[in-house]
Amino acid sequence: GSRFETVEQAPPDPILGVTQAFRADEDDRKLNLGVGAYRNDDLQPVVLDVVRKAELRVVEQKNNKEYLPIDGFAPFNKVSAELMFGADSELLASGKIVTLQSLSGTGSLRVGAAFVNRFFPGAKVYIPNPSWGNHKNIFADAGVDVAQYKYFDPETIGLDFSGMMADLESAPEGSVVILHACAHNPTGIDPTVEQWKEVLEICQRKGFLPFFDSAYQGFASGDLITDAFAVRMFADAGLEMLVSQSYAKNLGLYGERVGALHCVAKDEGNAKRALSQLKRLARALYSNPPTTGARIVAEVVGDPELFEEWKGEMMGMAGRIKEVRQQLVDCLKQKSPNRSWDFITDQIGMFSYTGMSNAQVENMTNKHHVYMTKDGRISLAGLSSGKVEYLANAIVDSFD
Ligand code: PLP
């Protein structure tokens, strides 16, 4: 017999499995709105011009392929921390922030989860309900207990802020709280500035460790700096926290696996010790991070000219998504004027959270060949203006 006889078949991943199913569909009307990856209006993957330019520079540098230090490429870490916290941040100048280059957002979260498990044993991590499907996986695999706080109100298709605050109020002191830095996935609904202030206050009062997940910097407002607002507000208020940062979406470096984990501590000594342990965890998990993506980021973010150009391209991506969002709402209003569709344009970022039931999602996929996640989330980054009407018809049919 096989040693693997008792190994059960694992279910397909709820998000990446959607792409597999999409590929297997032979209908040419098919539309993949499952994964949050940006496409142009011809529905083709995009490599940003600034990335192409940076790649050329990196090739011309004729770098060797030696291992990076465990904590990564120093110029990458520097510009990444500046992008997240502000180049003029007093916290950076005083050494209160340490940075570990890691494997995009997921890997950064995973190292952070291992850190929580090792140094805060018994602490629960609170994630919003709903959240990105991988959050629960990542923390559970690292041996951390996962609990949820209320986030979405199906009645208003908006933020259940009082529910969120009540759940945080009853969470044990010292808990870890996952906060989406901007463009909450899957709902596309963020707290207002006033609400963020209340979240900050409760985190301070209850000694929570905020763990920001920044996967969409630039996709909420279109502006990279504006979208760092919540993280900077918490850091500047003196909270200790962890921040995972991904360049998958905003630089389109998905498969390069480039990102960072930042730790903000009360003083330099605590920050340094935390970094020494983060490196130890990374050493056992994957030893050291990959080189190329980090070099590309260092070129783009560290060069004022390329950085300006990136801001323009970022605006372009965010703008295209905004446009198809509006077109979709206009089309839905025309086809089904008695229903309220404004929630779609109230939501921001890459996604729209439709509130569709499982059966309605199945109708979208089985009858209309529209692929989306089971929670009713559609990625507008995968919609073109030419497909808006097709999608609107499918949505109206599925809701009726
Ligand atoms: N966090 C959130 C909320 C996400 O939506 C994603 C990607 O979909 C990630 C983190 C991490 O993505 P990656 O590991 O590709 O950076």
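The values are calculated or read from the model by the stated rules, or taken from the named source; none is laboratory data. Here the structure is a predicted model, which is why all the values come from computation and not from measurement. Reconstructed Cβ throughout: ideal geometry from the backbone, glycine too, with neighbour counts over all protein chains shown.
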(Q) outside any helix (DSSP H, G or I), of a type outside the set (S, T, N, Q) and surrounded by 14 or more Cβ atoms within 10 Å (Cβ to Cβ): is that true of Asp28 in this structure? (A) no
Q: Considering only the stretch 215-233, state which residues are outside any loop (DSSP other than H, G, I, E, B), in contact (Cβ under 8 Å) with a residue 40 or more places away in the chain and among the hydrophobic types (A, V, I, L, M, F, W, C).
A: Ala228, Phe229, Ala230, Val231
Q.
Whether any residue in the stretch 307-316 is buried (at least 17 other Cβ atoms within 10 Å of the Cβ), under 25 Å from the mean Cα position of the chain (by Cα) and closer than 18 Å to Leu383 by Cβ is what I want to check.
A. no
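Here are some residues: Arg3, Arg52. Which one is closer than 20 Å to Arg257 by Cβ, loosely packed, with under 12 Cβ neighbours inside 10 Å, out of contact with any Phe, Trp or Tyr (no Cβ under 7 Å at 6 or more places or on another chain) and of a type outside the set (Gly, Ala, Ser)? Lay out the reasoning, then the answer.
Details: Arg3 fails: closer than 20 Å to Arg257 by Cβ.
Within the list Arg3, Arg52, the selection yields Arg52.
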Q.
So Glu194 passes all but one of these: (1) surrounded by fewer than 21 Cβ atoms within 10 Å (Cβ to Cβ); (2) touching a Phe, Trp or Tyr at 6+ places or on another chain (Cβ under 8 Å). Which condition number does it fail?
A. (2)
Q | Residues satisfying the stated conditions in the stretch 1-25, i.e. among the aliphatic types (A, V, I, L, M), within 16 Å of the ligand (Cβ to nearest atom) and in a loop (DSSP other than H, G, I, E, B) | A | Ile15
Q | Tally of residues being without any contact (Cβ under 8 Å) to a residue 24 or more places away in the chain and touching a strand residue (DSSP E or B) at 6+ places or on another chain (Cβ under 9 Å) across the stretch 304-344 | A | 1
(Q) Suppose the filter is within 30 Å of Lys78 (Cβ to Cβ), modelled with pLDDT of 95 or more and not hydroxyl-bearing (Ser, Thr, Tyr); does Met317 pass it? (A) yes
Q) Here are some residues: Lys65, Lys53. Which one is in a helix (DSSP H, G or I) and in contact (Cβ under 8 Å) with a residue 12 or more places away in the chain? A) Lys53
Q | Matching option when the condition is in a loop (DSSP other than H, G, I, E, B), out of contact with any His (no Cβ under 6 Å at 6 or more places or on another chain) and within 16 Å of the ligand (Cβ to nearest atom), among Gly72, Gly107 | A | Gly72
Q. Residues in the stretch 136-156 that are touching a residue at least 60 places away in the same chain (Cβ under 8 Å) and crowded, with 16+ Cβ neighbours inside 10 Å: how many?
A. 1
Q) Of Gln245, Gln277, which residue is of a type outside the set (Gly, Ala, Ser) and part of a strand (DSSP E or B)? A) Gln245
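Quick one: which of Val59, Val79 is away from the ligand (no atom under 15 Å from the Cβ), in a helix (DSSP H, G or I) and more than 21 Å from the chain's Cα centre (by Cα)?
After applying the criteria, what remains is Val59.
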Q: Just give me the residues in the stretch 75-110 being loosely packed, with under 14 Cβ neighbours inside 10 Å and either more than 20 Å from Gly238 (Cβ to Cβ) or of a type in the set (Asp, Glu) (or both), in sequence order.
A: Asp88, Glu90
Q. Under the condition of being outside any loop (DSSP other than H, G, I, E, B) and within 15 Å of the chain's Cα centre (by Cα), which residue from the stretch 248-259 is farthest from the ligand (Cβ to nearest atom)?
A. Gly255
Q: Give Phe208, Phe229, Phe219, Phe212 a once-over and let me know the one that is away from the ligand (no atom under 15 Å from the Cβ) and crowded, with 21+ Cβ neighbours inside 10 Å.
A: Phe208
Q: Hey, can you tell me all the residues within the stretch 82-100 that are closer than 16 Å to Ala271 by Cβ and within 16 Å of the ligand (Cβ to nearest atom)?
A: Met84, Thr99, Leu100
Q) Since Ala235 meets every condition but one in (1) more than 16 Å from the ligand (Cβ to nearest atom); (2) surrounded by fewer than 24 Cβ atoms within 10 Å (Cβ to Cβ), which condition does it not meet? A) (2)
Q) Out of the residues in the stretch 317-364 that are crowded, with 21+ Cβ neighbours inside 10 Å and of a type in the set (S, T, N, Q), which is nearest to Thr19 (Cα to Cα)? A) Ser352
